[in-house]
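The values are calculated or read from the model by the stated rules, or taken from the named source; none is laboratory data. Predicted model, so just to flag it, every value in this text is computed and none were measured. Note that we place each Cβ from the backbone using ideal geometry, even for glycine, and neighbour counts take in every protein chain shown.
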C-alpha cells in the first residue's frame with residue numbers, strides 16, 4: 001500500500017470519476033486506474049462500483065476511505081511537526097468558516113501583504129453544526145459562524161462577537177420582486193417557494209424565526225446545507241432565499257441573481273468560536289490576531 005495510491009483513490013472518491021480525478025491530479029486516467037487497482041489488490045476488496053450516476057464507493061470502500069483521509073491528514077500534520085522541530089517554524093492553522101461567509105470574512109482577516117511565510121492556513125467551509133462538531137473533536141482551531149442560542153452551542157466552546165450582517169433576499173433577476181425598489185416586507189413572502197438552510201441552527205433557524213415573528217409558516221421548497229448550493233438553486237428558478245448580506249455580491253454583479261433588503265431589518269452577529277481547552281501558545285496567538293483583525297476592520 002503506497003501513499004500515492006491512497007491519494008489517487010481519495011481523489012476518485014471526491015470527484016466521483018476517474019477522468020475528473022486524473023485531471024485534478026494532472027496525470028493520465030490510466031495511471032489513476034492502475035494505482036487504484038493495485039490498492040484494491042493489496043486490501044482484497046473493491047473500493048468503487050459503477051452506477052448510473054457515475055462512480056460511487058462500495059460500503060467497505062467508504063469506510064476505508066474515511067479512515068484513509070483521516071490518516072492522510074494526520075500524516076500531513078506530522079510533516080508540519082517535523083518541519084517545526086527541524087527549525088523551519090511552519091505553523092498550520094485550521095479555520096472553519098460558515099457557509100457563505102468567506103466573501104465577507106476573508107477580506108477582513110487576511111493581511112494585505114499576504115500570509116506570513118511560516119503560516120499554512122487551511123480553511124474548511126461547512127454548516128454551523130459541522131463546525132461545532134469539528135471544534136469539539138479538535139479538528140479545527142477556530143470556527144467562524146453566525147451566532148446561535150447559547151443552549152445550542154456545545155459546552156466546551158466559547159465565542160466572541162466579530163461583526164454584524166443583515167439578512168437579505170435573493171431571487172432570479174426575472175422574479176416580479178426584482179424590478180421593484182426599496183426593501184421587501186417579509187410578510188409578503190409567505191406564499192413564495194423558499195430555499196432554506198439547516199433549520200434547527202444557523203441561517204435556517206434565523207430565517208424561520210423571521211417568519212415565526214410574523215405568524216407566518218414559510219413555504220419551504222427545498223433545504224440545502226450550504227449557501228453556494230442555495231444560490232445555484234435560486235438561479236435555476238426553484239425559489240427565493242434569505243442569506244447574509246455579502247454572500248451573493250459576485251452573482252448580483254454578474255446579473256445571475258437579484259438582491260433586495262428586507263423589512264423588518266434582521267441583523268445577525270458573526271462570532272468566532274474556539275475550544276475552552278485552549279491551543280498551543282503559538283496557535284493561540286495566531287487565532288487572537290485573526291479575531292482582532294476581523295473586529296478592527298469592521299469597526
- Could you list, in sequence order, the residues of segment 131-151 that are in a helix (DSSP H, G or I) and either closer than 18 Å to residue 105 by Cβ or modelled with pLDDT of 90 or more (or both)? 131, 132, 134, 135
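So that you can scan it fast, the table gives a plain yes or no per residue for (1) more than 23 Å from residue 237 (Cβ to Cβ); (2) within 21 Å of the chain's Cα centre (by Cα); (3) without any contact (Cβ under 8 Å) to a residue 60 or more places away in the chain; (4) not in a loop (DSSP other than H, G, I, E, B):
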{"residue": "177", "(1), (2), (3), (4)": "no, no, no, yes"}
{"residue": "181", "(1), (2), (3), (4)": "no, no, yes, no"}
{"residue": "191", "(1), (2), (3), (4)": "no, no, yes, no"}
{"residue": "195", "(1), (2), (3), (4)": "no, yes, yes, yes"}
{"residue": "199", "(1), (2), (3), (4)": "no, yes, yes, no"}
{"residue": "205", "(1), (2), (3), (4)": "yes, yes, yes, yes"}
{"residue": "216", "(1), (2), (3), (4)": "no, no, yes, no"}
{"residue": "220", "(1), (2), (3), (4)": "no, no, yes, yes"}
{"residue": "225", "(1), (2), (3), (4)": "no, yes, no, no"}
- Sort through 253, 281 and tell me the only one that's surrounded by fewer than 13 Cβ atoms within 10 Å (Cβ to Cβ), out of contact with any helix residue (DSSP H, G or I) (no Cβ under 6 Å at 6 or more places or on another chain), modelled with pLDDT under 95 and not assigned by TED's automatic domain parsing to the domain that holds residue 195. 281
- Message: So residue 248 ticks every box in (1) more than 27 Å from residue 178 (Cα to Cα); (2) in contact with a helix residue (DSSP H, G or I) (Cβ under 6 Å, 6 or more places away or on another chain); (3) surrounded by 18 or more Cβ atoms within 10 Å (Cβ to Cβ) but one. Which box is left unticked?
- Response: (1)
- Kindly indicate whether any position in segment 152-172 is assigned to a loop (DSSP other than H, G, I, E, B), outside the structural domain of residue 289 (by TED's automatic domain parsing) and surrounded by 13 or more Cβ atoms within 10 Å (Cβ to Cβ). yes
- Task: Give just the number: which of (1) in contact (Cβ under 8 Å) with a residue 40 or more places away in the chain; (2) in contact with a strand residue (DSSP E or B) (Cβ under 9 Å, 6 or more places away or on another chain) does residue 237 not satisfy?
- Result: (2)
- Can you name the residue in segment 1-49 that is in contact with a strand residue (DSSP E or B) (Cβ under 7 Å, 6 or more places away or on another chain) and part of a helix (DSSP H, G or I) and is also nearest to residue 68 (Cα to Cα) among such residues? 13
- Within segment 211-232, track down each residue that is touching a strand residue (DSSP E or B) at 6+ places or on another chain (Cβ under 8 Å) and either crowded, with 19+ Cβ neighbours inside 10 Å or more than 19 Å from residue 245 (Cβ to Cβ) (or both). 218, 219, 220, 221, 222, 223, 224, 227, 230, 231
